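Just below is one structure, and these are the notes that go with it.
The values are calculated or read from the model by the stated rules, or taken from the named source; none is laboratory data. Bear in mind the structure is a predicted one, so any value in this text is a computation, not a measurement. Because the Cβ atoms are built from the backbone with ideal geometry, glycine has one as well, and the counts that use them run over all protein chains shown.
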Amino acid sequence: MSPLLEVQGLAKHFPVKRGAFGFVSGHVRAVDGVDFHLGAGETLAIVGESGCGKSTVGRLVLRLLEPTAGSVRFDGEDLLVLSESGMRARRQRMQVIFQDPYASLNPRMTVGAMLGEPLMLHGLATSEATRRARVGELLELVGLRPEHARRYPHEFSGGQRQRLAIARALAVEPQLIVADEPVSALDVSIQAQVINLMRSLQDRFGMAYIFISHDLAVVKHIADRIAVMYLGKIVETATTDELFRNPRHPYTRALLSAVPLPDPTAARERALLEGDIPSAMNPPAGCRFHTRCRFVRESCRVDVPALADDGSGHATACPWWPEFPPARSLTEGSGQDQDRIRLARLQAAFVTTQTEAS
Ligand SMILES: Nc1ncnc2c1ncn2[C@@H]1O[C@H](COP(=O)(O)OP(=O)(O)O)[C@@H](O)[C@H]1O
Ligand code: SF4
Ligand SMILES: [Mg+2]
C-alpha cells in the first residue's frame, strides 16, 4: 500500500532582497532536501530548534508555499501539479492547527458560526438544523458543550481555544492534520490534555498527523515516528521508542541531554549545543552540524553526510555514529535534569487528567 503522504527532495529557498532596487542578495535555505513518508492514521513528529525549517515543511506539504524543488504526493496524487481549484478540493482533506489558536480564530464570529462555515462551504450540512446538530457534536468530540456554540473565542481559556481549533479542523473530516506547535503556548498540564485529545480523536477517526514541535518531551506521547531537523535537513529519523532508546546523531543526543550531568563527557556534549544555529543563508559546508558537534573530525567539514537507513527504518545523517560512546551514559545520574523533570510531570499529567472542559 502506498503511503498517505510521500515527500521527496523537498526544498524551499527564500530570496533575500537588499537595497532600494530589491536585488536578491542571497537565499535563506529554510528547507534543503527533505524526504519522508506518512501512513494513514500515523503520527510523524518533526522536531528541532527554532528556525530549522519545521513550519516551512508544514506549509510546503499543505502547499501554502510553493517549493523550490521536490515533490509532495498525497493519497497517490502529485499536489504540485494541481491547479488552484484542484488544490482547493484537496485542502478539505488536509487541515492545519497553529500554535496560537487566538490568532487563528475569528474574534467576531461565534463558535457556532465558525464551525458551521466549513460545513456549509463543503456541503457537509445543508440545513440549519443538521448544521446545528453537527456543531454540537463537534464541540462534544473535543470535550466542550453544545451550548458553547453561542460564545465568542475570548470567552474561552487557551486550552479550550486549542480544542476549538481542533474542532474546526475535524469539521471537514480530514485525512491529515498538520499541527504546528499546537501545545507550545499552553501550560504543561493543559499540554497533556490537548495531546490526549488529539490521540483519542486519531484512534476514533484514523487521521494522520504531522506534529511539529521544538520539544522532544512533548512528541514522545503522540508520535509513532520522529524526524529530527537541523538547518533545513533531517538528521535522524526512527520510531519514537527507538529514537529515545538509541539516539545516534550527535544533535539528537544533545537535544535529549540538555542539562549538566555528573559525567564530564556528557556535560561537554551539552556545552557544545549552546552555540547559535548558523545562518540558513550561509549554512556550514560538509555536515551542517559540524560547528557544534563534539565528535567533529576533519572530513566532516567537507563531506555532506547522507541520511542513511540501517534497514530497520532508523536513519542517521552521520557516518560516524557507530564509533561514539553509548548514549546511555548521557542519561545516567541525571536526577537534576530539568527536561526529565518536565517529562515526568508531563507523564504524570497524562495519567491523572482526561478533559479540561466541563
Ligand atoms: N517567508 C519567509 N521569507 C524569508 N525567510 C523565511 C520565511 N519564512 C521562514 N523563513 C526563514 O526560514 C528558516 C526556517 O523557518 P521556519 O520554517 O519558520 O522554522 P521553524 O518552524 O523550525 O522555527 C528561518 O531562518 C526563517 O527565518
Ligand atoms: S558527520 Fe561529523 S560533524 Fe556531522 S554529526 Fe557526524 S561527527 Fe558530527
Ligand atoms: Mg515554526
(message) Tell me yes or no: at least one residue of region 255-262 is within 16 Å of ligand 1 (Cβ to nearest atom), surrounded by fewer than 21 Cβ atoms within 10 Å (Cβ to Cβ), at pLDDT below 95 and not in a strand (DSSP E or B).
(response) no
(request) Would you mention how many residues in region 132-152 are surrounded by fewer than 21 Cβ atoms within 10 Å (Cβ to Cβ) and outside any loop (DSSP other than H, G, I, E, B)? (result) 11
(message) Checking the conditions here, which among 248, 199 is more than 21 Å from residue 7 (Cβ to Cβ) and within 16 Å of ligand 2 (Cβ to nearest atom)?
(response) 248
(request) Assess whether residue 59 counts as being of a type outside the set (Phe, Trp, Tyr) and within 16 Å of ligand 3 (Cβ to nearest atom). (result) yes
(request) Looking at (1) within 10 Å of ligand 1 (Cβ to nearest atom); (2) in contact (Cβ under 8 Å) with a residue 60 or more places away in the chain; (3) under 24 Å from residue 239 (Cα atoms); (4) surrounded by fewer than 21 Cβ atoms within 10 Å (Cβ to Cβ), find the lone condition where residue 6 falls short. (result) (1)
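Residue by residue, here is whether (1) at pLDDT 95 or above; (2) under 25 Å from residue 29 (Cα atoms); (3) surrounded by fewer than 16 Cβ atoms within 10 Å (Cβ to Cβ); (4) charged (D, E, K, R) holds:
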residue	(1), (2), (3), (4)
214	no, yes, no, no
217	no, no, no, no
229	yes, yes, no, no
265	no, no, yes, no
277	no, yes, no, no
281	no, yes, yes, no
(message) Suppose we filter 13, 37 for residues that are farther than 19 Å from residue 240 by Cα and either among the basic types (Lys, Arg) or surrounded by fewer than 21 Cβ atoms within 10 Å (Cβ to Cβ) (or both); which single one remains?
(response) 13
(message) Here are the criteria: (1) free of Cβ contacts under 8 Å to residues at least 24 places away in the same chain; (2) among the polar types (S, T, N, Q); (3) under 23 Å from residue 45 (Cβ atoms). Tell me which single one residue 95 does not satisfy.
(response) (1)
(request) Go through the residues of region 85-92 one by one and say whether even a single one is surrounded by 21 or more Cβ atoms within 10 Å (Cβ to Cβ), touching a residue at least 24 places away in the same chain (Cβ under 8 Å) and touching a helix residue (DSSP H, G or I) at 6+ places or on another chain (Cβ under 8 Å). (result) no
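If only one of 123, 70 is in contact with a strand residue (DSSP E or B) (Cβ under 9 Å, 6 or more places away or on another chain) and not aromatic (Phe, Trp, Tyr), which one is it?
Just a single option satisfies the conditions, and that option is 70.
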(request) Exactly one condition in (1) out of contact with any Leu (no Cβ under 6 Å at 6 or more places or on another chain); (2) in contact (Cβ under 8 Å) with a residue 40 or more places away in the chain; (3) not small (Gly, Ala, Ser) is not met by residue 147; state its number. (result) (2)
(message) Step by step: first the residues of region 289-331, then only those that are small (Gly, Ala, Ser), within 24 Å of the chain's Cα centre (by Cα) and buried (at least 18 other Cβ atoms within 10 Å of the Cβ), then the one that is farthest from ligand 2 (Cβ to nearest atom). Which residue is that?
(response) 315
(message) With at pLDDT 95 or above and either away from ligand 3 (no atom under 16 Å from the Cβ) or over 17 Å from the mean Cα position of the chain (by Cα) (or both) as the only criterion, which of 108, 145, 88 stands out?
(response) 145
(message) Considering only region 200-218, I want to know if a residue exists there that is away from ligand 3 (no atom under 16 Å from the Cβ), within 13 Å of the chain's Cα centre (by Cα) and either within 19 Å of residue 327 (Cα to Cα) or part of a loop (DSSP other than H, G, I, E, B) (or both).
(response) yes
